[in-house]
Amino acid sequence: MIVKTYTASSLEEAMANARAELGEKIILLQEKKIRKGGFLCFGGKKTVEATVVLDNSSKRMTCTN
C-alpha cells in the first residue's frame, strides 16, 4: 500500500499528478484546502492538498452480508 500527498492549485491537477505517478487505480483519501503565504490570512495563495492511496497488494478485501 502506497500513501502519498500531492499539493496543487486544484484537485483535478493534484489527481492528474497522482495518476501520472501511481497509475489509474488510486483512491482519494482526503482533500484539504489550504492557504500558503500571505499576512494575517490575507493575500495567501489557495492550494489543495490531496492524499491518495494505491493498494498494490495481491489480497483484496471483500464485504459480505
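We did not get these values from a lab; they are worked out from the coordinates using the rules stated. Note that this is a predicted model, so its numbers are computed, not measured. We place every Cβ from the backbone using ideal geometry, glycine too, and count neighbours over all the protein chains shown.
Extending 7 Å from the Cα toward the beta-carbon at both Arg19 and Lys46 defines two label points whose distance is 2.3 nm.
Look at the alpha carbon pairs under 8 Å that are at least 6 residues apart: their mean separation over the length of region 2-54 gives a relative contact order of 49 percent.
Each of Gly38, Asn17, Val48 was scored by the projection of its Cα onto the charge dipole of the chain, and the greatest displacement toward the positive side belongs to Gly38; charges sit on the C-beta of Lys, Arg, Asp and Glu.
Work through the residues other than Thr7 whose Cβ is under 15 Å from its Cβ and net out their charges, Lys, Arg +1 and Asp, Glu -1. The answer is +2.
Within the listed set Glu49, Glu21, Glu13, the residue fluctuating most in the Gaussian network model of the chain (springs between alpha-carbon atoms under 10 angstrom) is Glu21.
In this structure, Ile27 and Thr7 have a Cβ-Cβ separation that, at R0 = 25 Å, corresponds to a calculated FRET efficiency of about 0.85.
Using just the C-alpha positions of region 1-54 as equal point scatterers, what log10 of I(q)/I(0) does the Debye formula give at each q in 0.14, 0.23, 0.29, 0.31 1/Å? For region 1-54 at q = 0.14, 0.23, 0.29, 0.31 Å⁻¹, log10 I(q)/I(0) is -0.38, -0.77, -1.06, -1.17.
Evaluated with a Cβ-only charge set (Lys, Arg +1; Asp, Glu -1), the chain carries a dipole of roughly 200 debye about its Cα centre, given to the nearest 20. Taking a straight line from the alpha carbon of Lys25, these lysines sit under 28 Å away, with near neighbours fewer than eight places off in the same chain left out: Lys4, Lys33, Lys46, Lys59.
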